[in-house]
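Enquirer: One structure coming up, written as structure tokens, with questions to follow.
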Amino acid sequence: MINKTNKPSLDVVGIGNAIVDVLTTTDDSLLEKLSFPKGSMTLIDESKAKELYEMSTNKSQSSGGSVANSLACIAQLGGKAAFIGRVKNDRLGEVFTKEILRTGTIFKTPPSSIGPSTARCLIFVTPDAQRTMCTYLGASVLLEPKDIDLSAVMKAQIIYLEGYLWDNPAAKNAFIKAAEIAKNAGRKVALSLSDSFCVSRHRESFIKLVEDYVDILFANEDEIKSLYKTSNLILAIDNLKKKCALAAITIGKNGSILVSDGKETIINPYIFGESIDTTGAGDLYAGGFLKGLSDDLSPVISAKIGSICAGHIVTQLGSRSNTDLLNLINSHLGI
């Protein structure tokens, strides 16, 4: 079993967008009609979010956001996780709060009473398992340094930051404050690059963040190539090795590449059935990986845990597992 002894009181504290995921199944014709590139993430305004929400059929709702998904995974694996993010005191804010608390994740950030409504992500899943996301960031961008729970940051083994929030200057400052506190407390700082377009908008500041604060980096192939402005994955990883001691680069159906102390290890994917929805695959990979590290498991074993979590979640709709991930991990890895 995955156990831990003599650890800080929290395994991972995450800071990210507090978003309600609204999933609906559709076909390519609707995406073409709406002019959304399949597999992309498009930022939309509140009126468009309301329009898409009303037209969505057979929809399911859950707390979402990249880091929030990872923390829910950690909690399901028996870890102690806390999330910091902003919602509004509206109906979707209540949905987010109730659902993330139901996962066992601690969530204490007070909701805002003014300003934009709670963020939501309309996720259109096509038969080929691709997910096309339309995101209204709403209240999530109101996160400020004063919202950071300093005691939680200092109590956690790892603080996990979501790159999407880098678009907001106040949230960016909150990130840096949290990273400084974590470093001063002797904790580890993890970062998800989140999106290749986000990386291209903030490349230089992301590079500086990695160099100055980040101990653990998560990215997919497009994101890491965007960070180092190259179309060559090998070259991008070579650049990364000089800046970050531990990183996991997901490469879709081919698994992932673990970069640890200058060495590369291919982590094969785990296949548990037909892939029907890739929503949350990278998030659950990160969640499993961070849970392994917080249990003092090796980076290789931690990456395999992440791969198992990701391999299962793509066989179902949504980013909340409908099976016991801990038993799945123990049966495949014997830990």
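Read the figures in this text as sums done on the coordinates, not as results from a lab. Since we're looking at a predicted model, the values are computed, not measured. We place every Cβ from the backbone using ideal geometry, glycine too, and count neighbours over all the protein chains shown.
Enquirer: Given the Cα atoms of the stretch 189-230, and with Rh set as the inverse mean 1/r over their pairs in the Kirkwood sense, what is Rg to Rh to two decimals?
Expert: 0.92
Enquirer: May I pose another question? Which percent, to the nearest 5, of DSSP beta bridges fully inside the stretch 1-145 are antiparallel?
Expert: Around 40 percent of the beta bridges assigned by DSSP in the stretch 1-145 are antiparallel ones.
Enquirer: Running Debye on the stretch 15-72 with equal point scatterers at the Cα sites and no solvent, what base-10 log of I(q)/I(0) appears at q = 0.16 Å⁻¹?
Expert: For the requested q values the scattering log ratios are -0.60.
Enquirer: Pick out which of Ala152, Ala281, Ala81 has the largest mean-square fluctuation in a Gaussian network model of the chain, springs linking Cα atoms closer than 10 Å.
Expert: Ala152
Enquirer: Hey, what does the equivalent ellipsoid look like for the stretch 178-299, semi-axes from the Cα gyration tensor as sqrt of 5 times each eigenvalue, largest first, whole Å?
Expert: After diagonalising the Cα gyration tensor, the semi-axes are 22, 19, 14 Å.
Enquirer: Please compute the Cα-Cα pair-distance distribution of the chain with 20 Å bins starting at 0, giving whole percents from short to long.
Expert: Once binned at 20 Å, the Cα pair distances of the chain give 34, 61, 4.
Enquirer: Given only helices, namely DSSP H runs of n ≥ 4 each adding -39500 (n - 2.57), what is the per-residue ellipticity at 222 nm of the chain, to the nearest 500 deg cm²/dmol?
Expert: Value at 222 nm, helices only: -11500 deg cm²/dmol.
Enquirer: Taking the alpha-carbon set of the stretch 243-285, what are its Rg and Dmax in Å?
Expert: Just the Cα atoms of the stretch 243-285 yield Rg and Dmax of 12.0, 37 Å.
Enquirer: For Asp212 and Ser40, what is the calculated FRET efficiency with R₀ set at 25 Å and r taken between the beta-carbons, to the nearest 0.05?
Expert: 0.25
Enquirer: Among bridges DSSP assigns within the chain, what percent are antiparallel (round to 5)?
Expert: Within the chain, antiparallel bridges account for around 40 percent of the total.
Enquirer: OK, next. Cut-off is 10 Å between beta-carbons; in what order do Tyr136, Tyr270, Tyr285 appear when sorted fewest neighbours first?
Expert: Placing the least packed residue first, the sequence is Tyr270, Tyr136, Tyr285.
Enquirer: Which of rounded, prolate, oblate describes the stretch 41-143, given a ≥ b ≥ c as roots of the alpha-carbon gyration tensor eigenvalues and a/c under 1.5 marking rounded, otherwise prolate only if a/b is larger than b/c?
Expert: The shape class here is oblate.
Enquirer: Using 0.36 nm per residue, how much length does the chain from Ile271 to Arg201 gain when fully extended, once their Cα-Cα distance is taken away?
Expert: 21.8 nm
Enquirer: Given the pairs Lys33/Lys253; Lys98/Lys155; Lys108/Lys304; Lys59/Lys146, which span a C-alpha to C-alpha distance of over 27 angstrom in this model?
Expert: In this structure, Lys33/Lys253; Lys108/Lys304; Lys59/Lys146 lie more than 27 Å apart at Cα.
Enquirer: Provide the FRET efficiency to the nearest 0.05 for the Ser231-Leu326 pair, computing r from the beta carbons and using R0 = 25 Å.
Expert: 0.05
Enquirer: Using the Kirkwood formula over every pair of different C-alpha atoms, what hydrodynamic radius in Å results for the stretch 95-200?
Expert: When all Cα pairs of the stretch 95-200 are included, the Kirkwood radius is 15.6 Å.
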